[in-house]
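The structure appears below as structure tokens.
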Ligand code: NCD
């Protein structure tokens, strides 16, 4: 297997072999956790430290990273709302913040930022200073969210009995401003035999760079605006919320509010009734109305398992990244 990257910036850095290796590790970690033996993991990263610096809100990503660190015996320093509670509110730029914090000897620096490319900038600062710190991109604006792609992949792998041949993945919702679909599509593009359907209003369709990536890997995909046409064919349904916080254009915002009012992109009983009995419904969460609560009772809903998988895969990722520094 190739060497894991020093910094986790894009899902594209992971080969299928690396990802499946992490999934296998995550399965073992899940078994340890589920049988109440989590103290077995405590010594694994004892004495190492993690900084979580989040400039955007988060529930799952921050807690699962921090808990992954806790379970393995790491120490952590954390800034939620970094824009308000760190020196950024005084006008400090990202580079200066990273330069300063990297001097305090963290082993891992988990960064969530509003601006696309922020994690890459942080990694450049670290490398320039020749620091032995791993940057993990925990979401950079409408760029990427690679550790989410790992947990999404892990969930699909689990749901489909580790076989990803000949499956059709349907992505729906806000595919333009959401970063999770971008990262997951990049990972799945490395699996020949997968087909993809991107279902979104025209203003929110998946961006050109992702389409180009799929073309390069010769992955067949279709673009659709009517979810009801795509549900019956889908083996995996990956749903997302409208990323209202990223939509600046007033006309698009009004258009989206209308879509929201009509519920065209909602999943409820009528949508469930046309899906395959073997389909799996995923969502990175938070959901804000686009998956109705009645769906939670359906065995095809996998989004809370998916969120839980975030802990296992992030433990596996930390153990792998920090293996050589032990
Ligand atoms: C996603 C994100 O932040 O991109 N959330 C998450 O990390 N699970 C999705 C979203 O906010 O819609």
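The values are calculated or read from the model by the stated rules, or taken from the named source; none is laboratory data. Just so you know, these numbers come straight off a predicted model, no measurement behind them. Every residue, glycine among them, receives a Cβ derived from its backbone with ideal geometry; neighbour counts consider all protein chains shown.
With the structure loaded, tell me whether residue 115 is within 16 Å of the ligand (Cβ to nearest atom) and part of a strand (DSSP E or B) or whether it fails that test. Judged against the criteria, residue 115 is not a match. Before we move on, is residue 315 touching a helix residue (DSSP H, G or I) at 6+ places or on another chain (Cβ under 8 Å), assigned to a helix (DSSP H, G or I), at pLDDT 95 or above and closer than 30 Å to residue 29 by Cβ? Answer is yes for this residue.
Residue 72 - would you say it is touching a residue at least 60 places away in the same chain (Cβ under 8 Å) and within 26 Å of residue 42 (Cβ to Cβ)? Yes; evaluated as a whole, the condition is true for this residue. Looking across segment 119-146, the residues that are farther than 20 Å from residue 174 by Cβ and either crowded, with 16+ Cβ neighbours inside 10 Å or within 14 Å of the ligand (Cβ to nearest atom) (or both) come down to 119, 120, 121, 122, 123, 125, 126, 131, 133, 134, 135, 136.
The lone criterion from (1) within 16 Å of the ligand (Cβ to nearest atom); (2) in a helix (DSSP H, G or I); (3) more than 22 Å from residue 14 (Cβ to Cβ); (4) in contact with a strand residue (DSSP E or B) (Cβ under 6 Å, 6 or more places away or on another chain) left unmet by residue 306 is number (3). Scanning segment 284-303 for residues that are within 16 Å of the ligand (Cβ to nearest atom) and assigned to a loop (DSSP other than H, G, I, E, B), which turns out surrounded by the most Cβ atoms within 10 Å (Cβ to Cβ)? Here the answer is 284. Count of segment 118-137 residues, restricted to those that are under 23 Å from residue 66 (Cα atoms), in contact with a helix residue (DSSP H, G or I) (Cβ under 8 Å, 6 or more places away or on another chain) and in a loop (DSSP other than H, G, I, E, B), is 2. Here residue 211 fits the description: surrounded by fewer than 20 Cβ atoms within 10 Å (Cβ to Cβ) and either within 16 Å of the ligand (Cβ to nearest atom) or assigned to a helix (DSSP H, G or I) (or both). With respect to residue 5, is the statement that it is under 26 Å from residue 85 (Cβ atoms) and either modelled with pLDDT under 95 or in a loop (DSSP other than H, G, I, E, B) (or both) true? No. Out of 238, 177, one residue alone is within 16 Å of the ligand (Cβ to nearest atom), within 22 Å of the chain's Cα centre (by Cα), at pLDDT below 95 and closer than 15 Å to residue 290 by Cβ. It is 177.
Residues that are surrounded by fewer than 19 Cβ atoms within 10 Å (Cβ to Cβ), on the phi < 0 side of the Ramachandran plot and touching a helix residue (DSSP H, G or I) at 6+ places or on another chain (Cβ under 7 Å) do occur in segment 55-65, at least one of them.
Annotation note: of 98, 88, the sole residue that is assigned to a helix (DSSP H, G or I), farther than 26 Å from residue 214 by Cβ, at pLDDT 95 or above and more than 13 Å from the ligand (Cβ to nearest atom) is 98.
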